[in-house]
Structures are given as C-alpha cells and as structure tokens.
Amino acid sequence: MMSITKAFVLSLSGLAFATLAHAQSADHSGAIKARQAHMTLYGTNLGVLGAMAQGNMPYDAEAATAAAESLVALAGIDERFYWPEGSASGMAEGTRAMEAIWADPEGFSAAQEALLVAATAMAATAGTGVEGIQAGMQAMGGACGACHQNYRVRQ
Amino acid sequence: MPLSWNGVMVLRLAIVVVLALAGGGWFLTRPVPLPADALDGLIGDAANGAVIFAASGCASCHTAAGAETEGLPVLAGGRSFASDYGTFMAPNISSDPEAGIGGWTDLELASAIQRGVSPEGAHYYPAFPYTAYAKAAPQDIVDLIAYLRTLPADASPSLPHDLDLPFRFRASLGGWKLLFASTDWVVPDPVSPEVERGRYLVEALGHCAECHTPRNALGGLQRDLWMAGAPAASGPGRVPNITTGGLSWSVEEVAEYLKSGFTPEFDTAGGEMVEVIKNTRQLSDADRLAIASYLAALPPLGPDS
C-alpha cells in the first residue's frame, strides 16, 4: 500500500505539473489589455498637450499641468504585472510587444526610466507657456519613439 | 506548387543571367560612371548640403547608433541590414582619406551616389539607393559632397557584405540596373509646385519607396504599387501603405508626424521610421508639407492592390 508520504508527494507534484501546464497556456489577455489601456492613457494626455503645442487648442496653463502630471503618474506606475513571460508577439494574440522586452530587461527598464524623466521635465515646464510644452513634446516623442523602435513589432 | 526559398533564389539568378546575356551582354550591363563634365561649373555649398544630407537620410545607414562627434554624425558605417539576399554592411563614408571617401574626387563620389559605380568601376548593390539619388539635381549632389567633406574622419575599415552565393557577383547588377534603374518620375505631372517639391524630396532624395513599395521577384520596385506598403525586408510585419488608400491622415497630420514622430492619436513612430524622423525633423515646415502633399496626390491603392 502506498505510504501517506508518497501519496502526498505524488499529489504535490501533480499539482505542480498542473500549475506549470496552466502557466504555459496562460491567458495573458488581461495583462495585454492593461498595458494597451495604459498606452491609451498616455495618448489622451499627450493629446491635450499636443493640441496646445500645435496651436489646435488655446493654451491653458492649468490643463497643461494636469495633463503633464498625469503623464508623470502613468510613467511611474509599477508595470510588473503588465509583462508576464509568454505574452510577447508570436506567443500571445493581439500584441506587438517584442520578445526583446524579456530578453533585454535592463534596456527596457532604462527606456521606461527615460520616459519618466521626460514626463517629469514636461510637468515642470507645461505651466510656463506653449514653448514649455513644445520642448517637452519633443523629449516625450523621443522617449516614446526610442522604446517603440526597439521593443515593438511592426504592424 | 510554390517554389522553395532556394528555388526562388535560383530562379532569380537565372533570370538575371539570361537577361544580362539577352540584353547585349557586357556592353549594356557595364558600370557607367557620370560623364567627365557632369559637374563642370558647379560649386558646392555645404550649408545646403546639410539639408540634402538630412533629406537623403545618409546618416540613418552610414552611422552606428548615436555615433557623433561634437554634434556631427560620424559616417563610419558598420550598420548591418539583413535581407533575402544576405546581410549588407553600410560602408565608411567619413572624410577619412583611407577608410572613407576623403581621397575620392567629387566626380567619383557623384558617380557612386547617382550611378551606383565605385571609383574602381564596379557596380554597387542597390541596398544603396542610387536609383533614387540618380534623379537628384547635380547642384544638390555637389552641395552634399561639400558637406560630407566637413564631417569628421573615422579610420574604421568598411566591413564586407555577407551575401548568399548567387548574389556575390556584382557583374549581374548591370542587368538589374538595366531593368530597374529609371530616372523617370513615378508621378509624371505634379499638380502644383508644392507637390513637385514633394516629389523631389520623396522620389529623388528621401527614397521612401525603398521600404514602402513592394518589390518583384528580382528585387525591383513595383512602380504600379508605389507606396502601397510592403513586407518588411527582415523580420515580421509590414511597412504600411502610405497612399490615401491606406492612410487617412490629413496633410498637416502627416507633416506633424514627420516633425515630432507623433501620429494623430499620439502614438509614435516605431522601428526604422524613428531613424527617418530624425532626418525629416531637420527639414523646413514647407518641405514636410510638400512631402505630405505629394503622398496625398498619389493614386490611392487599397490593401489588396
């Protein structure tokens, strides 16, 4: 007769196997939706600042500062739950996240850090006038573009 | 039955060879530099040359990422480009007299840029977009050369291309040029001076079509599908259709994208286009609007063209 210990170990390893199998076929759609929603929030706030920078919306110091501070908050969010292993393009549906995100985690976090620096600078100048936004938009564009150049798959 | 990858390659080679022979052999496919008097009377203006340099995207291929000295690009080459034919290595075109172009005459440089012919009289591979630059005004080329001579020297030797066997023979490129190198404008009758300026910036200098237009089995651009989008030269995904059949942005929105990199939704450019925008942001607002107006005037091609 199987000892209790042996049965316990077997059932544990069975559980481990089931967990592993679950992880391999995990549904990452929630994380993918979260990071894409996060990107949309960048777009919404950049849209306010960009419209002012391009002269499509009258300058409003308070609105500009609010949008810029939202960008700082967004760039500062801990994104660890957005990027589970196996949620790259080619592994999961509906994402353009490049495998390089996981292969080069230092480079990816440096790119995120550069975005936070650019957003913080924007928040400092957005309330000072249209020129303050224009300079900030160029830095934001550089930070967004640098990440999209290296970590996002073509359409 | 679809051909295997190797099958396609062998077929391409066979067609090139047959056409080279049928086209009159060596004579028609020999490298032809510019005539000796092509640059007579022209004096280079390096300030305008800097604009031509940006508009032509030279730095995007010929500098390693971020290679600058005192804000000036170091054209030491070294960037690699994977393709169906193997990997091309951008050469050193810095002003170094040995490793770069410092020892070349203006005419040798102009022949390289506009005819795809080296000072030694060999064909260049069309990864170097001389088929576009062939349409440039001689004055602009002389200005560009004057600017290139002001840029820093770098002694790093050029690295050889790493091509698949059938493509290592440069002689067959003469047949390729005979078939696909054309100085005819794709848009023959621009509707306004602005579109005409845009045509010059896009077709002659910016060489946008090199990525945005699909190629035939021999690597020639399909001019009937001009800017209709194409598979990426390497890696997954597609380069987008930028005719009005694929892109719904206004002229102003396209011009803004070329300046800041932001799309109308405040997404940004990605991939190789990030490098392109580092060039187009140096152009004037008028030139960016001209590019956008030219694209808006192209025949709209649908996604299934």
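The values are calculated or read from the model by the stated rules, or taken from the named source; none is laboratory data. Every value quoted in this text rests on a predicted model; they were computed, and no experiment measured them. Glycine also receives a Cβ, built like all others from the backbone with ideal geometry; neighbour counts cover every protein chain displayed. When the accessible area is computed, the model is the full protein with side chains, heavy atoms only, and any ligands, DNA or RNA have been set aside. Shrake-Rupley method; radii C 1.70, N 1.55, O 1.52, S 1.80 Å.
The residues in the range A:87-100 that are within 13 Å of chain B (Cβ to nearest Cβ), touching a residue at least 24 places away in the same chain (Cβ under 8 Å) and in contact with a helix residue (DSSP H, G or I) (Cβ under 8 Å, 6 or more places away or on another chain) can be counted, and the count is 4.
Of all the residues in the range B:215-246, those that are away from chain A (no Cβ under 14 Å), open to solvent by less than 20 Å² (accessible area, probe 1.4 Å) and within 24 Å of B:Ser80 (Cβ to Cβ) number 2. Only a single item in (1) closer than 13 Å to B:Glu194 by Cα; (2) more than 18 Å from the chain's Cα centre (by Cα) is not met by B:Phe266, and it is number (1). Say whether the condition of being without any contact (Cβ under 8 Å) to a residue 24 or more places away in the chain, within 9 Å of chain B (Cβ to nearest Cβ), open to solvent by less than 60 Å² (accessible area, probe 1.4 Å) and assigned to a helix (DSSP H, G or I) is met by at least one residue in the range A:119-131. For the range A:119-131, residues without any contact (Cβ under 8 Å) to a residue 24 or more places away in the chain, within 9 Å of chain B (Cβ to nearest Cβ), open to solvent by less than 60 Å² (accessible area, probe 1.4 Å) and assigned to a helix (DSSP H, G or I): absent.
For the range B:78-92: of the residues being modelled with pLDDT under 95 and small (Gly, Ala, Ser), which is least open to solvent (accessible area, probe 1.4 Å)? Within the range B:78-92, the match that is least open to solvent (accessible area, probe 1.4 Å) is B:Gly86. Of everything listed in (1) at pLDDT 95 or above; (2) within 27 Å of A:Gly30 (Cβ to Cβ); (3) hydroxyl-bearing (Ser, Thr, Tyr), the single unmet condition for A:Ser89 is (1).
For every residue, the table says whether it meets (1) among the polar types (S, T, N, Q); (2) in contact with a helix residue (DSSP H, G or I) (Cβ under 7 Å, 6 or more places away or on another chain); (3) at pLDDT 60 or above; (4) part of a helix (DSSP H, G or I).
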{"site": "A:Leu10", "(1), (2), (3), (4)": "no, no, no, yes"}
{"site": "A:Leu20", "(1), (2), (3), (4)": "no, no, no, yes"}
{"site": "A:Ala37", "(1), (2), (3), (4)": "no, no, yes, yes"}
{"site": "A:Leu49", "(1), (2), (3), (4)": "no, yes, yes, yes"}
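Checking each residue in the range B:141-193 for being among the hydroxyl-bearing types (Ser, Thr, Tyr) and not in a helix (DSSP H, G or I) picks out B:Thr150, B:Ser156, B:Ser158, B:Ser182, B:Thr183, B:Ser192.
Of everything listed in (1) assigned to a helix (DSSP H, G or I); (2) under 14 Å from the mean Cα position of the chain (by Cα); (3) surrounded by fewer than 19 Cβ atoms within 10 Å (Cβ to Cβ), the single unmet condition for A:Ala111 is (3).
Per the conditions (1) part of a helix (DSSP H, G or I); (2) open to solvent by 40 Å² or more (accessible area, probe 1.4 Å), the sole criterion not satisfied by B:Ala132 is (2). Just one of the listed residues (B:Ser172, B:Ser182, B:Ser156, B:Ser192) is of a type in the set (Gly, Ala, Ser) and within 19 Å of the chain's Cα centre (by Cα), namely B:Ser182.
Filtered by the rule that a residue be away from every other protein chain (no Cβ under 11 Å) and not in a helix (DSSP H, G or I), the range B:247-268 gives B:Leu247, B:Ser248, B:Trp249, B:Ser250. Of the residues making up the range A:66-86, none is of a type in the set (D, E, K, R), open to solvent by 40 Å² or more (accessible area, probe 1.4 Å) and within 14 Å of chain B (Cβ to nearest Cβ). Just one of the numbered conditions (1) buried (at least 16 other Cβ atoms within 10 Å of the Cβ); (2) closer than 21 Å to B:Phe88 by Cβ; (3) more than 14 Å from chain A (Cβ to nearest Cβ) is not true of B:Gly271: (3).
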